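The values are calculated or read from the model by the stated rules, or taken from the named source; none is laboratory data. Source: prediction; values computed, not measured. Cβ atoms come from the backbone with ideal geometry, glycine included; neighbour counts cover every protein chain shown.
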Amino acid sequence: MTPAPGQGCLALEARVEDERAAAIGTALTHRPSLECLTAERALVAELDASCRTPVAAHAVHADGRLVLSAFVGLPDGGHWIRDALDGNAADPAELGRALAARLVSAGAVEVLQAAETA
C-alpha cells in the first residue's frame, strides 16, 4: 500500500531571522529524506491535491536513483490509477512533476474530480 505523501517526515518551524535555529535545522536535515519528500510534495502540488484528496505517494532511493510511486483513486476503490517513475535525485521536484503529468495523461484529473463529488 502506498502511504499518504510526506508520511513519516518531521518538520521544524522557526522564525525566519533566527540564524541559530536555521543552523540547527540544516544540521538535522537528512538530505535523502528531504529529496524523497520534495518529490512527493511536487507530485501533490502538480495534481492540486490536498490532505483530503485520495492521492498516495512514496519516494525511495534505489541504485543511485530516486524512485517515486503514486496512486490516485476513488474512495470506494471502484477506479484507481497507479504509476511509478525513477529519476535523478538531484532534481526531485522534476520527478514529482513528471509522474504527476503521467497520472494526468492516464485520467487522474477525472478520477480526482469524481472523488470530490463522491
*(1) touching a helix residue (DSSP H, G or I) at 6+ places or on another chain (Cβ under 9 Å); (2) not in a strand (DSSP E or B): which one isn't true of residue 21, the others all being true?*
(1)
_Where residue 100 falls short, out of the listed (1) buried (at least 18 other Cβ atoms within 10 Å of the Cβ); (2) touching a Pro at 6+ places or on another chain (Cβ under 9 Å)_ = (2)
*The lone exception for residue 18 - which of (1) closer than 17 Å to residue 89 by Cβ; (2) at pLDDT 95 or above; (3) surrounded by fewer than 15 Cβ atoms within 10 Å (Cβ to Cβ) it fails*: (1)
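Matching residues to (1) closer than 29 Å to residue 32 by Cβ; (2) out of contact with any helix residue (DSSP H, G or I) (no Cβ under 9 Å at 6 or more places or on another chain); (3) not in a loop (DSSP other than H, G, I, E, B):
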residue: 66; (1), (2), (3): yes, no, yes
residue: 75; (1), (2), (3): no, no, no
residue: 83; (1), (2), (3): yes, no, yes
residue: 116; (1), (2), (3): no, yes, yes
*So residue 100 clears everything in (1) under 12 Å from residue 56 (Cα atoms); (2) assigned to a strand (DSSP E or B); (3) in contact (Cβ under 8 Å) with a residue 24 or more places away in the chain except one condition, right? Which one?*
(2)
*So is residue 59 surrounded by 16 or more Cβ atoms within 10 Å (Cβ to Cβ), part of a helix (DSSP H, G or I), touching a residue at least 24 places away in the same chain (Cβ under 8 Å) and in contact with a helix residue (DSSP H, G or I) (Cβ under 6 Å, 6 or more places away or on another chain) or not?*
no
*Is there any pair with a first residue in region 79-97 that is under 15 Å from residue 57 (Cβ atoms) and a second that is of a type in the set (Phe, Trp, Tyr) whose Cβ atoms are under 9 Å apart and which are 6 or more apart or on different chains, and what are they?*
80/71; 81/71; 82/71; 83/71
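Quick check on my filter: what residues within region 36-95 are among the β-branched types (Val, Ile, Thr) and either under 23 Å from residue 118 (Cβ atoms) or out of contact with any His (no Cβ under 8 Å at 6 or more places or on another chain) (or both)? Steps first, answer last, please.
Filtering region 36-95 down to residues among the β-branched types (Val, Ile, Thr) leaves 38, 44, 53, 55, 60, 67, 72, 81.
Hits for region 36-95 are 38, 44, 53, 55, 60, 72, 81.
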*Taking residue 26 as meeting all but one of (1) surrounded by 14 or more Cβ atoms within 10 Å (Cβ to Cβ); (2) outside any loop (DSSP other than H, G, I, E, B); (3) of a type in the set (Val, Ile, Thr), write down the number of the exception.*
(1)
